[in-house]
Amino acid sequence: EVQLVESGGGLVKPGGSLRLSCAASGFTFTNYNMNWVRQAPGKGLEWVSSISSSSTYIFNADSVKGRFTISRDNAKNSLYLHMNSLRAEDTAVYYCARDREENDDILTGYSPEAFDIWGQGTMVTVSS
Amino acid sequence: QSALTQPASVSGSPGQSITISCTGTSSDVGYYNLVSWYQQHPGKAPKLLIYEVSKRPSGVSNRFSGSKSGNTASLTISGLQAEDEADYFCCSYAGSDSLYVFGPGTKVTVL
């Protein structure tokens, strides 16, 4: 079964740090671009970060630039989001999501795609 | 504030058709044929319904269809069913600076 499972969320004070993880299974993780999308309580979806299959391309939303770092370990089938200088407005459920199609970023560059597989999400609360 | 605009709510009776609009700009929806739509039930993860404006992933009901005209994309749900009651989000590729932008979501109510 194709599956993404996030972990690492919790309560953190403003200015603190947290690392989220996303464990992938049931597909060839190394062939897919991966993404983080968040949803503040009662609000809509917000794209956060994307990383290409070989980590060649990394993109971040303006709201997290300089504070969040996306990374992946293809040997461990895992995606990460390192979050520093956390603010109250970062409070949200964080989802990892897979691109719909495989992308060989070395051969073809970055190919944007829809997100076809989502994890169940992990809650991050930033509060003193 | 979302980069894309959607109506806050749309409602319809069982069996009817409803359409949800998603308005962007000539830099996102109007420029790229990379609009996708997601359905989200309360407490659940989003589910991909439509990609590349009008294509349906395997397993998604053909009651869901997508289209685009200019800077506005649309999702139509035909033969509305009780299980369609959910939030619906549009998303567009917006280039290498912003990458992806989402709409604020539309709550669909089945009367």
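Among the residues of region A:69-84, those identified as over 10 Å from the mean Cα position of the chain (by Cα) and either under 13 Å from A:Ser17 (Cα atoms) or of a type in the set (Phe, Trp, Tyr) (or both) are A:Met83, A:Asn84. For region A:40-63, the set of residues classified as of a type outside the set (Ser, Thr, Tyr) and in contact with a Leu (Cβ under 9 Å, 6 or more places away or on another chain) consists of A:Trp47, A:Val48, A:Ile51, A:Phe59, A:Asn60, A:Ala61, listed by residue number. Within region A:114-125, can one find any residue that is of a type in the set (S, T, N, Q) and assigned to a strand (DSSP E or B)? Yes - at least one qualifying residue is present in region A:114-125.
Screening B:Tyr38, B:Tyr31 for residues that are within 14 Å of chain A (Cβ to nearest Cβ), crowded, with 18+ Cβ neighbours inside 10 Å and of a type outside the set (A, V, I, L, M, F, W, C) leaves exactly one candidate, B:Tyr38.
Within region B:77-96, the set of residues being among the polar types (S, T, N, Q), surrounded by fewer than 17 Cβ atoms within 10 Å (Cβ to Cβ) and within 25 Å of A:Ser50 (Cα to Cα) comprises just one member, B:Ser96.
Among residues of region B:41-61 that are more than 10 Å from every other protein chain (Cβ to nearest Cβ), those with a Cβ under 6 angstrom from a residue that is of a type in the set (A, V, I, L, M), sequence gap 6+ or separate chain, pair up as B:His41/B:Ala86; B:Val53/B:Val35; B:Val60/B:Leu49. When B:Ser74 is tested against (1) away from chain A (no Cβ under 14 Å); (2) surrounded by fewer than 18 Cβ atoms within 10 Å (Cβ to Cβ); (3) touching a strand residue (DSSP E or B) at 6+ places or on another chain (Cβ under 6 Å), only condition (2) is not met. Answer with yes or no whether A:Asp99 is of a type outside the set (S, T, N, Q) and in contact with a strand residue (DSSP E or B) (Cβ under 6 Å, 6 or more places away or on another chain). Taking the combined requirement at face value, the residue does not satisfy it. Does region B:78-92 contain any residue that is in contact with a Lys or Arg (Cβ under 6 Å, 6 or more places away or on another chain) and not acidic (Asp, Glu)? Yes - at least one qualifying residue is present in region B:78-92.
Count, please, the residues in region B:88-101 that happen to be facing another protein chain (nearest Cβ under 8 Å) and touching a Gly at 6+ places or on another chain (Cβ under 6 Å). Give the derivation first.
The initial filter retains those residues of region B:88-101 that are facing another protein chain (nearest Cβ under 8 Å), namely B:89, B:91, B:93, B:96, B:98-101.
Then drop every residue that is not touching a Gly at 6+ places or on another chain (Cβ under 6 Å), which leaves B:89.
Of the residues in region B:88-101, 1 are facing another protein chain (nearest Cβ under 8 Å) and touching a Gly at 6+ places or on another chain (Cβ under 6 Å).
One residue stands out among those in region A:69-127 that are within 27 Å of B:Lys55 (Cα to Cα) and of a type in the set (S, T, N, Q): the one that is nearest to the other protein chains (Cβ to nearest Cβ), which is A:Gln120. All conditions but one from (1) buried (at least 22 other Cβ atoms within 10 Å of the Cβ); (2) touching a Lys or Arg at 6+ places or on another chain (Cβ under 7 Å) apply to A:Asn84; the one that does not is (1).
Read-outs throughout are calculated quantities, based only on the coordinates presented, and are distinct from any laboratory measurement. These numbers were taken from a predicted model, which means no experiment stands behind them. We place every Cβ from the backbone using ideal geometry, glycine too, and count neighbours over all the protein chains shown.
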